[in-house]
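**Q** Have a look at this one before I ask anything.
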Amino acid sequence: MSAMPSDVTPPKPRHWLRRLGAGLITGAADDDPSGIATYSQAGAQFGYGALWTTAFTLPLMIGIQTVSAHIGRVTGRGLAANMRLHFPRPVLMGLVSLLLAANVINLAADIGAMGAAMRLLLGGPPVLYALGFALLSLLLEVVIPFPRYAPLLKAMTLSLFAYVATVFVVDVPWGEVWRSLIPRGMAWHDYLVTVVAVFGTTISPYLFFWQASEEAEEEEVDAAQSPLTMAPEQAAEAFARIRFDTDVGMVYSNVVAFFIMLTAGAVLHAHGVTQIQTAADAASALKPLAGPFASALFALGIVGTGLLAVPVLAGSAAYAVAEAFDVKAGLGRKPGEARVFYLIIAGSTVLGAVLSVSRIDPIRMLFWAAVINGVISVPLMVGIMLIATRERAMGAFRVTGSLRWLGWCATLAMAGVVVAMFL
């Protein structure tokens, strides 16, 4: 589809804070309680030897997330809607089903971690806290209109600063940190498994769907914006905003991941604590070693990031399912206007809450979520790149040049990680 002229006036450049949106929220949601557990385990087990992964994955994250955002902004549709138009239906349904399963498992792990973190802060039954957080997240996502809910999500990203602050209340031997950036003398099998887990946590399929759908959603709630295939004069401002928003979000995400690993290495690994199974375990282990304030900061971060990640996980699943079946979707719509969309949000959150208080081992849930994410990430990334570089889908705004190469490099790197995971 070629670009067509439009009578829509190009939007004026926004203040830099207003240019932060889907990319910032996506990056912050990547550091969910499940991710915190993975980064904490990497630091506890290998000290500072896995810190390099935060720098290595950064350009890959920026590449694939920017491409996903371009698809949403150019076409005015999310990823699943574009795949429905260009890919065989059985392929689409298989990928969406696996995404839904992985998101529900991640929801269970995150909700359970929030309950456990709250018990560390206040005492009391973690099950009630977990169910309360699930209900709160669901009500916020369903009841609050999207124009008022989006700023709330942006505000929640500030909770990640808890992990930056934690570093300043523990003793970090910076000289040793820089000397240990190149790993030496590792148990290489276990080390490779940890690196695979970090990659799988950092580059997650639900983030692709969320950012693309949020870009498309913004066009619906802002009358001044239209899909770029219909309003090409808006392209320069739109792509500049996406680049800034995504760069800030992904840098923020990986800086926080760096500080989580650093804290775990400086405190836990240095004191012989090498096994961390959940984010709450990391917060609990910090208390006798680094003091109650460091432990409380870590636990507060788990709660804050969980409140951000739960709606993103549920929302991305709902966008994918609704778009795959070509029914109305969007947080900007009222529940009566998008029943299937909101039913998926409610159903996935409730099911995640139920699993979080079940007797199923949370570590096993996280393992299977990582496996499913690994299975679907590579074909999804291939599909994203095929759509983004196809003129029929993107018109004059198909992805070319350095962004195209960066997207394919991210895809190849993730394929290598998935192969390593199965080996």
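**Q** Given the options Ser226, Ser356, Ser402, which has the most mean-square fluctuation in a GNM of the chain, springs set between C-alpha atoms less than 10 angstrom apart?
**A** Looking only at Ser226, Ser356, Ser402, the biggest GNM fluctuation is shown by Ser402.
**Q** Can you compute the helix-only [θ] at 222 nm over the chain? Use -39500 (n - 2.57) per DSSP H run of at least 4 residues, normalise by all residues, nearest 500 deg cm²/dmol.
**A** The per-residue figure over the chain is -24500 deg cm²/dmol.
**Q** Among Ala37, Ala370, Ser97, which residue has its Cα furthest toward the positive end of the charge dipole of the chain, with +1 on Lys/Arg Cβ and -1 on Asp/Glu Cβ?
**A** Sorting the options by dipole projection puts first Ser97.
**Q** Assuming 0.36 nm per residue, please report the length gained on full extension of the stretch Ala420 to Leu135 beyond their Cα-Cα distance.
**A** Answer, rounded to one decimal: 98.8 nm.
**Q** Tell me, what ³J(HN,Hα) does each residue in region 324-341 have, in order and in whole Hz, if you take phi through Karplus 6.51 cos²θ - 1.76 cosθ + 1.60 with θ = phi - 60° and put x for Gly and Pro?
**A** 5, 9, 6, 10, 4, 9, x, 5, x, 8, 6, x, x, 8, 9, 4, 4, 4
**Q** Quick one, can you get me the convex hull of the C-alpha atoms of region 311-365 expressed as volume per residue in Å³?
**A** Hull volume over Cα atoms, normalised by residue count, gives 80 Å³.
**Q** What does the net charge come to around Leu120 if you take all other residues with beta carbon closer than 11 Å to its beta carbon, with K and R at +1 and D and E at -1?
**A** Spelling it out: positives minus negatives among the neighbours equals +1.
**Q** Averaging sequence separations of C-alpha pairs under 8 Å and six or more residues apart, then dividing by the length of the chain, give the relative contact order as a whole percent.
**A** Normalised by residue count, the contact order of the chain is 39 percent.
**Q** Once the dipole of the chain is set up with Lys and Arg at +1 and Asp and Glu at -1 on Cβ about the Cα centre, which of Met421, Ala50, Gly21 lies farthest towards its positive end?
**A** Farthest towards the positive end: Met421.
**Q** I want to verify the translational diffusion coefficient of region 330-423 in µm²/s; compute it with Stokes-Einstein, Rh as the Kirkwood radius over Cα pairs, at 4 °C and 1.567 mPa s.
**A** For the chosen part, D equals 78 µm²/s.
**Q** Please give the per residue volume of the convex hull enclosing the alpha carbon atoms of region 116-217, rounded to a whole number of Å³.
**A** Taking only Cα atoms, region 116-217 has a hull volume of 195 Å³ per residue.
**Q** Over the Cα atoms of region 246-358, what Rg and Dmax result, in angstrom?
**A** When restricted to Cα atoms, region 246-358 yields Rg and Dmax of 18.6, 55 Å.
**Q** Over all distinct alpha-carbon pairs, what is the Kirkwood Rh of the chain in angstrom?
**A** Across the chain, the inverse of the average 1/r is 21.4 Å.
**Q** With the dipole of the chain worked out from charges on the C-beta (+1 for Lys and Arg, -1 for Asp and Glu) around the Cα centre, which of Met61, Ala81, Ser358 lies farthest toward the positive end?
**A** In the chain, that residue is Ala81.
**Q** What is the gain in length, in nm to one decimal, between Met93 and Trp174 on full extension, counting 0.36 nm per residue of separation less the C-alpha to C-alpha distance?
**A** 24.3 nm
**Q** With everything on Cα atoms, drop me the angle between helix 52-75 and the longest principal axis of the chain, reported from 0 to 90° to the nearest 10.
**A** 20
**Q** Pick from Gly175, Gly27, Gly115: which residue has the top mean-square fluctuation in a GNM of the chain where Cα pairs under 10 Å get a spring?
**A** The residue with the greatest mean-square fluctuation here is Gly175.
**Q** What Kirkwood hydrodynamic radius do you get for region 186-277 when you take the inverse of the mean 1/r over all pairs of distinct Cα atoms, in Å?
**A** One over the average 1/r among Cα pairs gives 16.7 Å for region 186-277.
**Q** On the protein heavy atoms, probe 1.4 angstrom, tell me the percent of accessible surface of the chain carried by carbon and sulfur.
**A** 68
**Q** I would also like to ask the following. So if we plug the beta-carbon distance of Trp405 and Leu192 into 1/(1 + (r/R0)^6) with R0 = 35 Å, what FRET efficiency do we get, rounded to 0.05?
**A** Result of the calculation: an efficiency of 0.85.
**Q** Given a 1.4 angstrom probe, what's the average accessible area per residue across region 205-345, in square angstrom?
**A** Spelled out: the 1.4 Å probe surface of region 205-345, per residue, equals 32 Å².
**Q** Separate question: Using a probe radius of 1.4 Å on heavy atoms only, what accessible surface per residue do you get for region 353-423? Whole Å² is fine.
**A** 52
**Q** Using the Cα centre of region 274-362 as the reference point, and only Cβ charges (+1 on K/R, -1 on D/E), how large is the resulting charge dipole? Debye, rounded to the nearest 20.
**A** Dipole magnitude for region 274-362 comes out near 220 debye.
**Q** Same structure, new question: Any number yet on Rg/Rh for region 75-175, C-alpha, Kirkwood?
**A** Result: Rg/Rh = 1.10.
**Q** About its Cα centre, how strong a charge dipole does the chain have in debye, to the nearest 20, once Lys and Arg get +1 and Asp and Glu get -1 at the Cβ?
**A** Dipole of the chain, to the nearest 20 debye: 220 debye.
**Q** How tilted is helix 33-46 with respect to the longest principal axis of the chain? Cα atoms for both, answer in degrees (0 to 90, nearest 10).
**A** Long axis of 33-46 versus the principal axis of the chain: about 50 degrees.
The values are calculated or read from the model by the stated rules, or taken from the named source; none is laboratory data. All of these numbers come straight from a predicted model, not from anything done at the bench. Cβ sites come from the backbone with ideal geometry, for glycine too, and all protein chains shown count toward neighbours. Protein only, heavy atoms only, side chains kept; ligands, DNA and RNA dropped before computing areas. Shrake-Rupley method; radii C 1.70, N 1.55, O 1.52, S 1.80 Å.
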